[in-house]
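The structure under discussion appears below in the form of structure tokens.
The values are calculated or read from the model by the stated rules, or taken from the named source; none is laboratory data. Model, not experiment: these values are computed from the prediction. Counting neighbours? That spans all protein chains shown, and the Cβs are built from the backbone with ideal geometry, glycine included. Heavy atoms of the whole protein, side chains included, go into the accessibility calculation; ligands, DNA and RNA do not. Shrake-Rupley method; radii C 1.70, N 1.55, O 1.52, S 1.80 Å.
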Amino acid sequence: QVQLVESGGGLVQPGGSLRLSCASSGFTFSVYAMRWYRQAPGKERELVASISASGSSTNYAGRFTISRDNAKNMVYLQMNRVKPEDTAVYYCNADGRLRGLGVYWGQGTQVTVSS
């Protein structure tokens with residue numbers, strides 16, 4: 001059974017930091033590209049960061065950093081200098097389409113940036 005379980009969300013003050021984690025199981029984690037998406041109320045889901053299966057290639061905005069540990073089947077999103085507009089539900093995504101495999105989603109974790 002495939003599972004992606006996000007954790008680490010919560011309330012954080014503007015300018016603070018937060019690290020989200022995504023624990024993966026039920027599939028061969030090391031061959032999947034991993035991504036973080038977010039969806040704010042009333043807005044479409046948007047891509048925040050991505051990392052290749054090996055971890056050698058990453059894409060993310062300046063304040064956020066994505067990383068992965070293939071030995072632990074974990075992917076992380078380090079969020080720094082957060083802003084109120086970063087408030088959203090953050091979702092972990094596993095994408096194996098380059099290898100003809102599936103796409104999986106976690107249930108999301110809420111991040112609220114407020115003073």
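Say we look at the range 33-52 and pick out the residues that are within 14 Å of Glu85 (Cα to Cα) and outside any strand (DSSP E or B); which of these is most open to solvent (accessible area, probe 1.4 Å)?
Filtering first and then ranking leaves Glu44.
How do the pairs read when you match residues in the range 53-66 that are over 11 Å from Met79 (Cα atoms) with residues anywhere that are acidic (Asp, Glu), using Cβ under 9 Å and keeping only pairs 6 or more apart or on different chains?
So the pair list comes out as Gly55/Asp69.
Which numbered condition in (1) of a type outside the set (A, V, I, L, M); (2) open to solvent by less than 40 Å² (accessible area, probe 1.4 Å); (3) assigned to a helix (DSSP H, G or I) is the only one that Ser30 fails?
The single condition Ser30 does not satisfy is (2).
For the range 69-94, enumerate the residues that are under 17 Å from Gln39 (Cβ atoms) and surrounded by fewer than 17 Cβ atoms within 10 Å (Cβ to Cβ).
Lys83, Pro84, Glu85
Please determine whether any residue of the range 53-68 is loosely packed, with under 14 Cβ neighbours inside 10 Å, farther than 23 Å from Gly102 by Cβ and modelled with pLDDT of 95 or more.
No, every residue in the range 53-68 fails to be loosely packed, with under 14 Cβ neighbours inside 10 Å, farther than 23 Å from Gly102 by Cβ and modelled with pLDDT of 95 or more.
Farther than 13 Å from Leu20 by Cβ, in contact with a strand residue (DSSP E or B) (Cβ under 9 Å, 6 or more places away or on another chain) and of a type in the set (Ser, Thr, Tyr): does that describe Ser50? Break it down stepwise before answering.
Working: farther than 13 Å from Leu20 by Cβ: yes; in contact with a strand residue (DSSP E or B) (Cβ under 9 Å, 6 or more places away or on another chain): yes; of a type in the set (Ser, Thr, Tyr): yes.
Considered against the rule, which asks whether it is farther than 13 Å from Leu20 by Cβ, in contact with a strand residue (DSSP E or B) (Cβ under 9 Å, 6 or more places away or on another chain) and of a type in the set (Ser, Thr, Tyr), Ser50 comes out as yes.
Take the conditions assigned to a strand (DSSP E or B) and open to solvent by 50 Å² or more (accessible area, probe 1.4 Å) and apply them to Arg19. Does it pass? Please lay out each step first, then the result.
Values: assigned to a strand (DSSP E or B): yes; open to solvent by 50 Å² or more (accessible area, probe 1.4 Å): yes.
Here the answer is yes, as Arg19 does meet what is asked.
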